[in-house]
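Since the structure comes first, as structure tokens, the remarks are kept for the end.
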Amino acid sequence: TFLRYSSDPAAGVLLKQAVLEWAKSDGLGKGIRVSWGHRPVDYQMMTAIVSILAATAEIAPELSADERQVVGPWLNALVRQVGAGYWKDRQDNKTYMRTYIALLWGLMVGDDQPVQDAIYTYKLAIHDMRPDGSWPIDSQRGGAGLDYNSSATQGVVMIAAALKQARNIDLFDYAVDSRSVHDAVAWVVKTIEDPYTTSPIYALPCPDSGDRWGTIEGPSMNFLNTAGYLRAYAALYPDRPASIVIEGQLAR
């Protein structure tokens with residue numbers, strides 16, 4: 001993040017050294033899967049891999065051919081593990097994150113298959129979304145339903161943003177029965193403005209998951225600490241009502 005905002009050459013050198021060190025040491029090479037179900041890659045590890053991909057993309061032009069032979073296979077193995085992960089259903093926010101990770105790697109290495117897979121997953125997501133922009137599975141998750149719902153929106157928005165920026169494929173206006181990802185963002189904004197009213201609409205008791213971080217009546221709003229995707233959306237669509245609220249709420 002510092003390198004991107006500062007363009008400091010010294011930061012670029014340090015970041016490149018860090019990526020190479022992780023690759024040579026097979027960082028995250030083990031212990032990144034959960035112990036239950038089909039043992040997919042853990043959510044926290046997936047967020048780390050997203051950051052690693054972004055960092056690598058930042059310094060990729062500085063990598064020599066030999067260094068690419070070190071970093072490439074390492075990252076490819078991590079992305080393969082993430083991509084093979086099976087989650088509860090196609091509406092799970094981690095399904096969208098898994099798709100986004102594969103898409104980033106596909107864009108970095110010129111592989112079109114993850115691009116097509118991302119378009120397919122994105123369109124399914126819009127089909128699955130409620131007319132008001134909420135997500136049927138994640139919004140139900142008790143006291144953290146608003147957090148999980150935001151995570152799903154984040155995955156879908158970032159897929160669309162990556163495709164738009166890298167390939168000029170614009171899915172933001174892709175609509176099913178007049179609903180689109182714009183509605184998903186608008187719903188998240190509505191939950192920010194009035195969490196106590198929006199949470200009980202869909203939330204169900206979830207003692208083993210969402211209720212650990214909040215209650216249906218007093219929902220967790222932790223997603224406000226990681227809502228950079230909303231700022232990215234607002235930058236793309238500054239004149240939308242939701243974007244005006246985003247800039248007002250998150251710029252504080």
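For the stretch 20-62, the residue among Ile52, Val34, Ala23 whose Cα projects farthest onto the positive side of the dipole built from Cβ charges is Val34.
For Thr99, the solvent-accessible surface with a 1.4 Å probe is about 20 Å², rounded to the nearest 10. What is the stretch 137-188 by shape, rounded, prolate or oblate, if you read a ≥ b ≥ c off the alpha carbon gyration tensor as root eigenvalues and call it rounded for a/c under 1.5, prolate for a/b larger than b/c, and oblate otherwise? In terms of gyration-tensor shape, oblate. Accessible area per residue (1.4 Å probe, heavy atoms of protein chains only) ranks Thr198, Thr121 as Thr121, Thr198, with the largest value leading.
Backbone phi angles across the stretch 131-144, fed through the Karplus curve with coefficients 6.51, -1.76 and 1.60 (θ = phi - 60°), yield HN-Hα couplings of x, 7, x, 8, 9, x, 7, 5, 5, 8, 7, x, x, 10 Hz in residue order; Gly and Pro are listed as x. Distance from the Cα centroid of the stretch 1-77 to that of the stretch 199-252 is 28 Å (rounded to whole angstrom). Ordered from longest to shortest, the equivalent ellipsoid semi-axes for the stretch 203-248 are 29, 10, 8 Å, each the square root of 5 times a Cα gyration tensor eigenvalue. Rolling a 1.4 Å probe across all protein chains gives Ser51 an accessible area of roughly 70 Å². For Lys30, a cut-off of 28 angstrom between C-alpha atoms picks up these lysines, skipping any fewer than 8 places away in its own chain: Lys16, Lys88, Lys94. Computed from these coordinates, which is volume of the Cα convex hull per residue in Å³: (i) 134; (ii) 235; (iii) 160? Label (i) holds the value from this structure.
One way to sum up the overall shape of the stretch 91-161 is the equivalent ellipsoid from its Cα gyration tensor, whose semi-axes run 24, 12, 8 Å, largest first.
Springs join every pair of Cα atoms under 10 Å in this Gaussian network model of the chain, and among Ala54, Ala65, Ala232 the largest mean-square fluctuation is at Ala65. Pull out a ≥ b ≥ c, the square roots of the eigenvalues of the alpha-carbon gyration tensor of the stretch 1-40, then state rounded if a/c is under 1.5, prolate if not and a/b is larger than b/c, and oblate in the remaining case. Oblate, since a/c reaches 1.5 and b/c is not below a/b.
Across the chain, Cα pairs under 8 Å and at least six residues apart give a relative contact order of 16 percent.
Between 0 and 90 degrees, the angle of helix 241-250 with respect to the longest Cα principal axis of the chain falls at about 70 degrees. Applying both filters, DSSP loop and at most 12 other Cβ atoms within 10 Å, to the trypsin sites (Lys or Arg not before Pro) of the stretch 1-92 gives Lys30, Lys88.
For the chain, the longest principal axis of the Cα atoms and the long axis of helix 65-83 meet at an angle of about 30 degrees.
Report the accessible area of His127, computed with a 1.4 Å probe over the heavy atoms of all protein chains in place, in Å² rounded to the nearest 10. In the full protein context, His127 sits at about 90 Å². For the stretch 21-118, the gyration tensor built on C-alpha atoms gives an oblate shape. Its axis ratio a/c (a ≥ b ≥ c) is at least 1.5, and a/b is not larger than b/c.
The values are calculated or read from the model by the stated rules, or taken from the named source; none is laboratory data. Keep in mind that what you see is a predicted model, and the values were worked out from it rather than measured. Ideal geometry is used to build each Cβ from the backbone, glycine not excepted, and the neighbour counts take in all protein chains shown. Accessible surface is based on the protein model in full, side chains and every heavy atom, while ligands, DNA and RNA are left aside. Shrake-Rupley method; radii C 1.70, N 1.55, O 1.52, S 1.80 Å.
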